[in-house]
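See below for the structure under consideration.
The values are calculated or read from the model by the stated rules, or taken from the named source; none is laboratory data. From a predicted model like this one, the values you see are computed outputs, not experimental measurements. FYI the Cβ positions are ideal-geometry reconstructions off the backbone, even for glycines, and counts take in every protein chain you see. To get the accessible areas, we keep the full protein, side chains included, count just its heavy atoms, and leave off ligands, DNA and RNA. Shrake-Rupley method; radii C 1.70, N 1.55, O 1.52, S 1.80 Å.
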Amino acid sequence: MEDVVLLADPKTSAWDFAKKIQNYIIETKEENIHLCKLEMTHFGDKENLPYVPENIRKKDVYLIQSSNKRPNDWLAELILTKDLCRSADVNDLIYVLPYIRYQRQDRKDKSRVPISTRAIADAISPGLKRIITMDLHSPEIENAYHIPLDNLHSFPQLVKHLRENHNSDLENLAVISPDKGGVGRADALKKRLVKTEKHYSSDNYSLAMTIKLRDKPGSIEDMFLNGDVNGKNIIIVDDICDSGDTLLWSARLLKANGAKKLLAYTTHALFTKGTKEILDTFDVFITSNTHYDSKKNRGDIEVIDMTSTFAEAIYRAQKGLSVSKLFE
């Protein structure tokens, strides 16, 4: 992979993410892969000006972008860096976006609102060879892109983490979706747990969901439980934790209905209202490093490193191998 370049901003968490990808490919595949700096400078009015000091002409460039910045800056940097790379005459440009911003508004739920997922796809897709991401908010989002989009799954790493660190908590476990839109996600985790089961029968796992009623976006008016959690350990699984309000409402409702130990997993942890109340409520909170910066971790949150999954996807995409093998 001598003609492959990983591109990342050294001032962001993307640099550490890219460095781990580079090390994984060098150590496990015995292939050289170059990591190049993307220098992000700014005009006085805060306009972004990306710059790559090295020659990347005729290279296959994988841009690893951090979502730990304001969404509008994230988007502007993607658009400007794409123009930079095309002007530099790169061979192929691939975006590695562990967490894609603007993906929650994936349909028109009322008049005169945008379909943000489609707008973002239209803005960033042209000129790219492919996009690699993880745990999209809904599978239908892939339909907005007219280029290959590899939506990697975090559950293989999550189940491995649970088996190694919380296997006793998986006895008599209910897997919970915090809303009806996430039932498929919760069911997928349940099936993977059953597939890796050694000590208990598949009856050890059940599925339930909480149903929330909203009075406005981001605000919950009421919540109901569909399923039995009495006397069971539970794990709530979701793709995004923004303010955490949905998880907190779900946890209180589950406790009121007899749930025992409370575990939660979200792939992309934004924590826009902080972590104190969440950590006070849950016995175990697990996330990944797709968005959450492990360097900010105070030890109360368990962070799963997903860089090996992304490294494998990059290697397989570059070599023309199956990426779907990672999901098995």
* Structure fact -> Residue pairs within 9 Å by beta carbon, gap of at least six or interchain, first lying in region 60-74 and touching a residue at least 60 places away in the same chain (Cβ under 8 Å) and of a type outside the set (Asp, Glu), second surrounded by fewer than 18 Cβ atoms within 10 Å (Cβ to Cβ) and in a loop (DSSP other than H, G, I, E, B), listed first then second, are Ser67/Leu270; Asn68/Asp293
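Pull up region 1-33, narrow it to residues that are outside any loop (DSSP other than H, G, I, E, B), under 17 Å from Ala317 (Cα atoms) and of a type outside the set (A, V, I, L, M), then point me to the one that is least open to solvent (accessible area, probe 1.4 Å).
Gln22
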* To do: Considering only residues that are part of a helix (DSSP H, G or I) and of a type in the set (S, T, N, Q), look in region 108-151 and name the one that is surrounded by the most Cβ atoms within 10 Å (Cβ to Cβ).
  => Thr117
* To do: May I ask you to list the residues in region 1-44 that are acidic (Asp, Glu) and over 23 Å from the mean Cα position of the chain (by Cα)?
  => Glu2, Asp3, Glu27, Glu30, Glu31, Glu39
* Meets criteria (open to solvent by 30 Å² or more (accessible area, probe 1.4 Å), free of Cβ contacts under 8 Å to residues at least 40 places away in the same chain, farther than 14 Å from Ile286 by Cα and part of a helix (DSSP H, G or I)) for Lys160 -> no
* Might you let me know whether region 305-315 holds any residue that is open to solvent by less than 60 Å² (accessible area, probe 1.4 Å), touching a Ser or Thr at 6+ places or on another chain (Cβ under 9 Å) and at pLDDT below 95? => no
* Asked: Of the residues that make up region 276-283, is at least one under 19 Å from Ser66 (Cα atoms) and either among the β-branched types (Val, Ile, Thr) or modelled with pLDDT of 95 or more (or both)?
  -> no
* Top-ranked residue in region 153-176 [being of a type outside the set (A, V, I, L, M, F, W, C) and in contact with a Lys or Arg (Cβ under 8 Å, 6 or more places away or on another chain); ranked as farthest from Met223 (Cα to Cα)] -> Pro156
* For region 19-48, how many residues are in contact with a strand residue (DSSP E or B) (Cβ under 8 Å, 6 or more places away or on another chain) and of a type in the set (Lys, Arg)? -> 2
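Taking into account only those residues within region 192-211 that are surrounded by 10 or more Cβ atoms within 10 Å (Cβ to Cβ), out of contact with any Ser or Thr (no Cβ under 6 Å at 6 or more places or on another chain) and polar (S, T, N, Q), which is modelled with the lowest pLDDT?
Here the residue is Ser202.
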* Structure fact -> Restricting region 249-300 to residues that are assigned to a loop (DSSP other than H, G, I, E, B) and polar (S, T, N, Q), the one surrounded by the most Cβ atoms within 10 Å (Cβ to Cβ) turns out to be Thr290
* Asked: Take the residues of region 34-68 that are within 25 Å of Ile120 (Cα to Cα), assigned to a loop (DSSP other than H, G, I, E, B) and open to solvent by 40 Å² or more (accessible area, probe 1.4 Å): which is modelled with the lowest pLDDT?
  -> Lys46
* Within region 212-233, is even one residue crowded, with 22+ Cβ neighbours inside 10 Å, modelled with pLDDT of 90 or more, in contact with a helix residue (DSSP H, G or I) (Cβ under 9 Å, 6 or more places away or on another chain) and assigned to a strand (DSSP E or B)? -> no
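The rows are residues; the columns are (1) of a type in the set (Phe, Trp, Tyr); (2) under 20 Å from Thr246 (Cβ atoms); (3) touching a Lys or Arg at 6+ places or on another chain (Cβ under 8 Å).
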position	(1), (2), (3)
Ala121	no, no, no
Ile132	no, no, no
Glu142	no, no, no
Tyr145	yes, no, no
Asn151	no, no, no
Pro178	no, yes, yes
Thr210	no, yes, no
Asp222	no, yes, yes
